[in-house]
Structure formats: C-alpha cells, structure tokens
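One structure is given here, and the rest of the page talks about it.
The values are calculated or read from the model by the stated rules, or taken from the named source; none is laboratory data. Please read all numbers here as calculations on a predicted model, not as lab measurements. Cβ coordinates were reconstructed from backbone atoms using ideal geometry, including for glycine residues, and neighbour counts include every protein chain displayed.
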Amino acid sequence: MVAKIIDGHAVARQVRDECRELTKALATRGVVPGLAVIMVGDNAASKVYVANKTKACSEVGLKSTVYSFDADTPGSVVEAEIRRLNEDPQVHGILVQLPLPAHFDARRVLGAISSDKDVDGFHLYNVGALVQGETVFPPCTPYGVQKMLEHEGIAVEGQNVVVVGASNIVGKPMALMLMQKDATVCICHAKTRDLAQFTILADILVVAAGRPNLIVPQMVRTGAVVIDVGINRLPDGRLVGDVDFEGVRQKASYITPVPGGVGPMTVTMLVYNTVQSAQRHSLH
C-alpha cells in the first residue's frame, strides 16, 4: 500500500474559490470583507506570515490592512487600537500576529479582540465555545485539517483518532472538533509514556508536536490516515514535518506532505472565517 497524498494547495484553492464567490455576492450588497492585522516588532518569520495572509486576502477580494507597531510600544496602545477596530463596521476580522514581544501580556491583548471579529479563533469565548460545539470561529489550523478530511471523504464518526501534541493552537482544539464529529479521541504530548502504544491504535493520526521524524512506520497502523501538522527546518535547510514521510507513506492510506499539506489550509481558513464574519455582519 502506498498512501494517497492529500494536496493542501488543491483543497485550499477549492475553499478560496468558494470565498471568491461569497465575496462577489457580498459586493453586490456593498460589503467588502475587511481584515485588520496587528503586528508588533519586526520578527522576520512574522513578516513572511503577514505577507502571505495579505496576499491570500487580495486574491479573493478581501481588504486587508496591516497595523504595525514598534516592539517597545506599550501594550495599552495596541489594546486601544484593537478596541477602535472592534467598533469599525468596515473591519470584519482582527488578527494579532504572534509571537508578541516579551513585555506584552498576549492573553490580555487577544482578549481585547471582540469575539465577533476573532477570526483566528484564539479568544477565550471562542475557545470555550468549542467545548459546547458552537464556536463562532474555529481556530484556522484544526479547521483546515477538518476541511481536508471532508474534501477526501474521510469519515470521522466512530473512528479512533490520536492527536500528538496538546497545544492551545492545534492539539486541544483539534481534539474538541473531532469529538464533535463523534470520533473517539486520545491526546498525547511530551510527557506521554511509550507514544507508539497509542499511535498504533489510530485510524486517523494527527501529529502537531514540532519534532522531526517523531512518527516512524512501526508506530502507524496499516491503512491509517496520517495528518502531519508539524513544520521543522533541518540544519541543511530542508522543511520537514513530524512524520517520516517516505517510510509512513508505505503503510498509510492517506498522508499530508510538508510543505504543501496543512500549511496552505491555515491561511485559507483565516480568509474563510473573515468572509463568514462579513456575511454575518451584513445580515444584522
């Protein structure tokens, strides 16, 4: 068996096409979906991510505006700008690019965003609502994984799902979203003893641990679906995930590559959430 590779770029294109059609429909009612991106400091990686986000927005007809602040800006100034954007009817989504400089209280800054405009899905309201199954905006990376599974027609209901990695951004929300779909979910993390005894039981294995080659073929059940969310740069400059791609590919039924798997979906779901927000606001 050689796994089918799930092409994240292809799935992302399909979702963006859907966003483009929704944006055109909104334009006939005089609504242009607007995303405000808050960036503090000059983190090189953050600049690349922000550029990718603004490019994705313009491709589907969204208006994106970047609000840049020096690294030594007081937190209160950034929070005041967020509160102003909360009140701006032209802005449907607000995103704070992480990480923030060390002196910032990230939780407080994210908490300043209105839950109605929290298109990244990091606000405590949206995180808590995930537990109830009624979040306004699901976090973008797990939402992207969910869309990929749907796109490939991979059933989640009744399946054993193992999530490796318990971060607030990917692991925990991913587990909650899959539980909502009636999967049986196990979360593993850095302190899990004998990781393989859990991963070998997975019908669907989602790996978001940030450790290259953490998952090797003998840890994966034959025919499993393997979703690799990890992204690691090796000393030789290559980008790899958390899964031994070539090895695991010989056992799995489906697998996502790195790069070109989950990555393109994260930015796409941010765009999708912003368009959904604009739709919701236009009906009020």
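Summary table
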| item | result |
| --- | --- |
| Every residue from the range 219-251 that is touching a Lys or Arg at 6+ places or on another chain (Cβ under 9 Å), assigned to a loop (DSSP other than H, G, I, E, B) and of a type in the set (Val, Ile, Thr) | VAL220, THR222 |
| The range 53-69, residues that are of a type in the set (S, T, N, Q), in a strand (DSSP E or B) and surrounded by fewer than 18 Cβ atoms within 10 Å (Cβ to Cβ) | THR65, SER68 |
| Within the range 106-162, tally of residues that are assigned to a loop (DSSP other than H, G, I, E, B), farther than 19 Å from GLY261 by Cβ and either free of Cβ contacts under 8 Å to residues at least 12 places away in the same chain or not polar (S, T, N, Q) (or both) | 17 |
| Qualifying positions in the range 134-159 - in contact with a strand residue (DSSP E or B) (Cβ under 8 Å, 6 or more places away or on another chain), of a type in the set (A, V, I, L, M, F, W, C) and over 19 Å from TYR272 (Cβ atoms) | ILE154, VAL156 |
| Candidates ARG233, ARG280, ARG221, ARG238 - the one that is closer than 19 Å to ASP120 by Cα, surrounded by fewer than 19 Cβ atoms within 10 Å (Cβ to Cβ) and charged (D, E, K, R) | ARG280 |
| Which numbered condition LEU124 misses (of (1) over 23 Å from LYS172 (Cβ atoms); (2) in contact with a Leu (Cβ under 9 Å, 6 or more places away or on another chain)) | (1) |
| Residues located in the range 197-218, provided they are buried (at least 16 other Cβ atoms within 10 Å of the Cβ) and in a helix (DSSP H, G or I) | PHE198, THR199 |
| Output for the range 193-203, where each listed residue is farther than 13 Å from ASN160 by Cβ and touching a residue at least 12 places away in the same chain (Cβ under 8 Å) | LEU195, ALA196 |
| Candidates VAL119, VAL162, VAL156, filtered to the one that is buried (at least 20 other Cβ atoms within 10 Å of the Cβ), at pLDDT 95 or above, within 27 Å of ALA45 (Cβ to Cβ) and among the β-branched types (Val, Ile, Thr) | VAL119 |
| Residue in the range 167-175 that is over 24 Å from LYS4 (Cα atoms) and surrounded by 22 or more Cβ atoms within 10 Å (Cβ to Cβ) present | yes |
